[in-house]
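S.K.: Encoded as structure tokens, here's the structure I'll be asking about.
The values are calculated or read from the model by the stated rules, or taken from the named source; none is laboratory data. These figures come from a predicted structure and were not determined experimentally. When we count neighbours, we look across all protein chains shown, and the Cβ atoms used for this are built from the backbone with ideal geometry, even at glycine.
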Amino acid sequence: MTRDEFDVGLDRYGGDLSRWPPMLRQQAEALTAADSRAAAALATAGRLDSLLSEVAASEAADAALIGRIVARGRQTQRETVLKPTRRLAAWATAGVAATLMIGFIAGTLIPADQSNDAIAGLMFSGTVDDISGDLL
């Protein structure tokens with residue numbers, strides 16, 4: 001194993017050789033026994049691993065806080081989405097009701113226009129016999 005391969009292994013697997021794949025572990029053990037700089041790099045990586053473990057352990061207590069923050073964010077997002085939807089539905093319902101009411105009032109209060117009846121009379125001036133004869 002070269003020193004560069006060893007450094008890549010430290011980056012991938014950390015400073016604990018027991019976490020390395022067996023074949024690479026044997027090569028890394030042989031390199032650290034023969035090279036003092038490799039042994040020092042392994043010790044440094046081991047210290048870094050232990051520091052990272054401590055940080056990860058102390059952050060686990062804050063997982064509940066993170067969970068509450070995420071839950072509040074989801075609740076706020078749902079409220080933000082639902083409020084305009086409910087408001088929009090209420091306005092749409094009011095608009096439809098107002099349109100129907102205006103149409104009903106207009107239909108009952110405005111007198112019928114007789115000119116439309118004359119046009120309809122021209123369109124349907126034939127008798128039932130004339131229409132049935134055309135169909136047969």
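S.K.: Any residue that is among the small types (Gly, Ala, Ser), exposed (fewer than 10 other Cβ atoms within 10 Å of the Cβ), at pLDDT below 80 and part of a helix (DSSP H, G or I) - is there at least one of those in segment 101-114?
M.R.: yes
S.K.: Evaluate segment 14-25: report whether one residue or more is surrounded by 11 or more Cβ atoms within 10 Å (Cβ to Cβ), at pLDDT 85 or above, polar (S, T, N, Q) and more than 39 Å from the chain's Cα centre (by Cα).
M.R.: No; the residues of segment 14-25 include none that is surrounded by 11 or more Cβ atoms within 10 Å (Cβ to Cβ), at pLDDT 85 or above, polar (S, T, N, Q) and more than 39 Å from the chain's Cα centre (by Cα).
S.K.: Restricting to segment 1-24, count the residues that are touching a helix residue (DSSP H, G or I) at 6+ places or on another chain (Cβ under 9 Å) and either touching a residue at least 24 places away in the same chain (Cβ under 8 Å) or β-branched (Val, Ile, Thr) (or both).
M.R.: So the count comes out to 10.
S.K.: Related question: It is to be established whether one or more residues within segment 43-59 are charged (D, E, K, R), over 30 Å from Val8 (Cα atoms) and modelled with pLDDT under 90.
M.R.: No.
S.K.: Have a look at Thr127, Thr80, Thr85 and point out the one that is at pLDDT below 80 and over 59 Å from the mean Cα position of the chain (by Cα).
M.R.: Only one candidate qualifies: Thr127.
S.K.: Moving on to the next point. Between a first residue in segment 25-41 that is within 16 Å of Tyr13 (Cα to Cα) and among the aliphatic types (A, V, I, L, M) and a second residue that is at pLDDT 90 or above and outside any helix (DSSP H, G or I), which pairs have beta carbons less than 7 Å apart while being 6 or more apart in sequence or on different chains?
M.R.: Ala28/Trp20
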